[in-house]
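Here, each number is a calculation from the coordinates, and none is a lab measurement. Just so we're clear, the structure is a prediction, and the values are computed from it rather than from any experiment. Every residue, glycine as well, gets a Cβ built from its backbone with ideal geometry; the counts of neighbours run over all protein chains shown.
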Amino acid sequence: MLIRKPSDISSSQITSKSDYMNRRKFMAGAAAVGAAALGADLLKNVASPREAVHATTKLTTVPSQYSTKGVTPTSFEDITTYNNFYEFGTGKSDPSHNAWRLKTNPWTVKVDGEVKSKKEFDIDALMKIHPLEDRIYRHRCVEAWSMVIPWVGYSLSEFIKQCEPLSSAKYVQFLSIDNPSEEPGIFQVNLDWPYSEGLRMDEAMHPLTLFTFGLYGQTLPNQDGAPVRIVLPWKYGYKSAKSLVHIRFVKHQPRTTWNEASPSMYGFYSNVNPDVDTVPWSQKYERVIGAPFWKARQPTVLFNGYGDQVADLYKGMNLRTNY
Amino acid sequence: MSNRVLVILKFVAFPACLIPFGVLIYEGFTNTLGPDPVATITHTTGFWTLYFLLISLSITPVRRLSSRLVWLIRFRRMLGLFAFFYGTLHLMTWVWLYSNFDVHAMLRDIAKRPFITMGMTGWTCLLLLAATSTAWSIRKLGGKRWTRLHRLAYVAAIAGIIHYWWLVKPGVHTPWKVTAILAVLLLARVAWQIKEAARKRKVAVAA
């Protein structure tokens, strides 16, 4: 399926990454004191929030057999202004206002643990490991809302091959950047930073597990987890860790942030399941983002509709106890 | 304050209290409720229920600050009824937009989900308060019983705050501000009671 770009955004409106970075440098340099720079930047964001949102570069992509068919992507505007990224604040629009602080270039991802040898990957090298594919996935948040997002990336398995894990590696742990000077939300939320997520090795190797660099044919905006993140369409959104700096191959089930915060509410697997609600609210229905309020309610499907592809991973497992 | 000024003030305050509702209606018609309109409606009506409860609960402690503020009491019923109004809209979002009028699902939710049980408790208190808000009710119940019944306003506010805390994710502290305001309003009453008791003792000793 071809990616449809929303007609209201022309490429000329999109600020290139280098311009965006330089603008910040210029702003910082022009201000006499740091506080003044901060104030001016905030003003600038109020004046033209779109500029902060559209700090992306166009990517060359190929179609993918794993892309979801027959769905209409949520608007670029909604995908980039309605985010849960608590490192930048708990409000849905906080990440789109605050995430510009994150410097995503240069960026390296460290790989260690049960691997043949430790490695470090530069973001540019990561993006060249495999052709970047357009993959439209449904996205279901544990808060009972959903989107359809045209991601850009390749199967994480392609990257894992490059990491040369040992047979002792049973799980993969993903760690997000933890830099309070760039991420003002870290002090607002009482979670054990850095954000940590994990998968069983077979889940990580599943072709649907996407090593993600972009959306809507462009590099990821910061608020969506730039420059590299995981996307797991059959699990609740919080499993898909953003802005990764460290990937570990481990023997035992790694700590995961929300599971630590409340083990009874957030399990390790976190597969989308309308019949199991461990959080205070129901998971039977979801609110479709961008739909008018009287039409937003939609039934939620087991594994978010990806059961044909992923159900085998959990064969013989009790999904009620392994939530 | 003269009666005429009070009437004018009420004429201004009443439409002012409807502004949040008006904004929702306007945004509903212009389709500008944001990416998640159902959440916007739910949160807006929920917040304003709490705000009106807190404002109506602040009348008594503020009025006690000065004898010149006694007239504030004339606004308390209206503010309380607006808490009921927004609380009812909040309840309706759940009945309609979340449950689609499925009575069985709603009863299950009330029984199973503590935050919904707590929300319903708060709304039931507001319903009783609204139903007995007329001068006729005061006469019928008698001042003392009516006053005792209307202490349900505290139950409603506390239930509303707990309802909010039980809904946010672990590690998130967003309800702390409304909680702090309610704590101050309740403590002001305790402080006043202590002061009154001391004053009465003094008067008794003097007599």
Q. Expressed as a rounded percentage, what relative contact order does segment A:120-190 have, with Cα pairs under 8 Å and six or more residues apart?
A. 22 percent
Q | Whether segment B:105-207 is rounded, prolate or oblate, judged on the alpha carbon gyration tensor where a/c under 1.5 counts as rounded | A | oblate
Q) Given only helices, namely DSSP H runs of n ≥ 4 each adding -39500 (n - 2.57), what is the per-residue ellipticity at 222 nm of the protein assembly as shown, to the nearest 500 deg cm²/dmol? A) -13000 deg cm²/dmol
(Q) Let me make sure I get this right: for segment A:162-224, a, b and c are the square roots of the gyration tensor eigenvalues over alpha carbons, sorted descending. Under 1.5 in a/c it's rounded, otherwise prolate if a/b > b/c, else oblate. Which is it? (A) oblate
Q.
How tilted is helix B:19-29 with respect to the longest principal axis of chain B? Cα atoms for both, answer in degrees (0 to 90, nearest 10).
A. 10 degrees
(Q) To test your reading of the geometry: what angle, between 0 and 90 degrees and rounded to tens, separates the Cα axis of helix B:176-206 from the longest principal axis of chain B? (A) 20 degrees
Q. Classify segment A:57-314: rounded, prolate or oblate, from the alpha-carbon gyration tensor (a ≥ b ≥ c, eigenvalue square roots; a/c under 1.5 rounded; otherwise prolate if a/b is larger than b/c)?
A. rounded
Q.
Sort A:Thr61, B:Thr147 by Cβ crowding within 10 Å, fewest neighbours at the top.
A. B:Thr147, A:Thr61
Q. In degrees, nearest 10, range 0 to 90: what is the angle between the Cα axis of helix B:103-112 and the longest Cα principal axis of chain B?
A. 60 degrees
Q. Could you give the radius of gyration (one decimal) and Dmax (whole number) of the Cα atoms in chain B, in Å?
A. 19.4, 69
Q.
Show me the trypsin sites (Lys or Arg not before Pro) within segment A:65-113 that DSSP assigns to loop and that have at most 12 other Cβ atoms within 10 Å of their Cβ.
A. A:Lys69
Q | Length released on extending from A:Arg320 to A:Ser168, taking residue separation times 0.36 nm less the Cα-Cα span | A | 51.9 nm
Q.
Using only the alpha carbons of the protein assembly as shown, what is the convex hull's orientation-averaged projected area in square nanometres?
A. 32.2 nm²
(Q) With 10 angstrom as the radius, rank B:Ser137, A:Ser117, A:Ser196 by how many other C-beta atoms surround their C-beta, starting from the fewest. (A) A:Ser117, B:Ser137, A:Ser196
Q: With a Förster radius of 22 Å, plug the Cβ-Cβ distance of B:Phe101 and B:His43 into 1/(1 + (r/R0)^6) and report the FRET value to the nearest 0.05.
A: 0.55
Q) Using alpha carbon centroids, what distance separates segment B:135-207 and segment B:56-126, in Å? A) 15 Å
Q: At 0.36 nm per residue, minus the direct Cα-Cα distance, what do B:Met92 and B:Trp136 gain on full extension? Give it in nm, one decimal, please.
A: 13.0 nm
Q: Take A:Asp224, A:Asp192, B:Asp109, A:Asp308 and order them by how many other Cβ atoms sit within 10 Å, fewest up front.
A: A:Asp308, A:Asp192, B:Asp109, A:Asp224
Q: For each pair in A:Lys58/A:Lys128; A:Lys239/B:Lys169; A:Lys239/B:Lys112; A:Lys116/A:Lys315; A:Lys119/A:Lys170, compute the distance between the two Cα atoms and list the pairs where it is over 23 Å.
A: A:Lys239/B:Lys112; A:Lys116/A:Lys315
